[in-house]
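Coordinate-derived values only; no laboratory data. Please read all numbers here as calculations on a predicted model, not as lab measurements. Note: ideal-geometry Cβ built from the backbone for every residue, glycine included; neighbour counts use all protein chains shown.
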Amino acid sequence: MDMLYGYAEAVGVASEQQHLLTYAPLVKRIVRQLNSQVGGAMEREDMEQIGLLGLLDCLRRYGEPDDRFPGFASLRIRGAILDELRRQDWRPRGVRQDCHRHRDAMRALMRKVGREPTEAEAIAALGISPEEYREYQVAENAEELASFDEMIQELGSLPSEAPTPETLMLRRRSIEEALLALNEREQRVIQLYYEFDLSLKEIAAVLDLTEARVCQINKAALRKMRDVLQG
């Protein structure tokens with residue numbers, strides 16, 4: 001009997017390792033996405049290790065992977081990496097204070113002009129360089145992504161549960177409804193990021209926009225979707 005248990009355990013470990021190899025490219029794509037947003041706050045290899053641990057946790061919770069598994073795993077892997085970045089307090093206090101100050105100034109500017117300010121207007125109002133503005137937008141966008149991903153993970157499912165078909169259908173319908181609240185450009189940015197796994201820099205090249213502008217569009221889109229999902 002002990003030999004049978006040992007054999008079953010060995011088979012399980014071998015199957016798990018094979019699944020890890022199969023879905024390792026998913027981890028690499030997510031790390032490539034996030035790496036450009038955190039300004040070297042964590043080594044890429046460390047992010048991949050955390051992502052692989054997140055993938056392993058997904059495999060153990062989900063069971064035998066099927067065609068729905070990549071979508072389930074992507075959120076968990078991204079969430080695991082973002083959680084570790086926040087645990088390490090990846091933005092220095094001075095940077096966080098600057099972001100709060102910039103955020104207040106941007107709100108004041110929006111009230112003044114009565115619309116979303118252009119990149120040039122924002123840079124002039126904040127009194128910073130274009131590169132500093134890009135870094136501010138990237139940092140703000142990373143926080144928005146973390147918040148949105150957490151909400152999607154919690155939508156219709158407890159963190160300890162693998163998603164049922166009913167849960168996945170509910171989640172999909174809710175997200176589709178939220179997407180309808182977006183304009184065409186916002187929908188395109190969300191699609192390129194979540195469906196095609198492009199980084200923000202790659203999306204900027206595809207849409208012929210600056211990376212800061214893509215961050216701005218993505219952040220606004222996520223907030224609109226979150227408002228619908230929480231409504």
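Values for this structure:
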read-out	value
Per-residue Cβ neighbour rank within 10 angstrom, fewest leading, Arg173, Arg32	Arg173, Arg32
Extension gain, Ala108 back to Arg185 (0.36 nm per residue minus Cα-Cα distance, nm)	25.2 nm
Nitroxide proxy distance, nm - points 7 Å out along Cα→Cβ at Thr118 and Asp57	4.5
Of every Cα-Cα pair in the range 169-218, the percent that sits beyond 17 Å	34
Burial ordering of Val228, Val206, fewest other beta-carbon atoms within 10 Å first	Val206, Val228
Net charge of neighbours whose Cβ lies under 15 Å from the Cβ of Leu179, counting Lys and Arg as +1 and Asp and Glu as -1	+2
Net lengthening on full extension, Asp66/Thr210 (0.36 nm per residue, minus Cα-Cα)	48.1 nm
Note, ³J(HN,Hα) from phi for the range 198-215, Karplus 6.51, -1.76, 1.60, rounded to Hz, x at Gly and Pro	7, 6, 4, 5, 5, 4, 4, 5, 5, 8, 6, 10, 6, 5, 4, 5, 4, 4
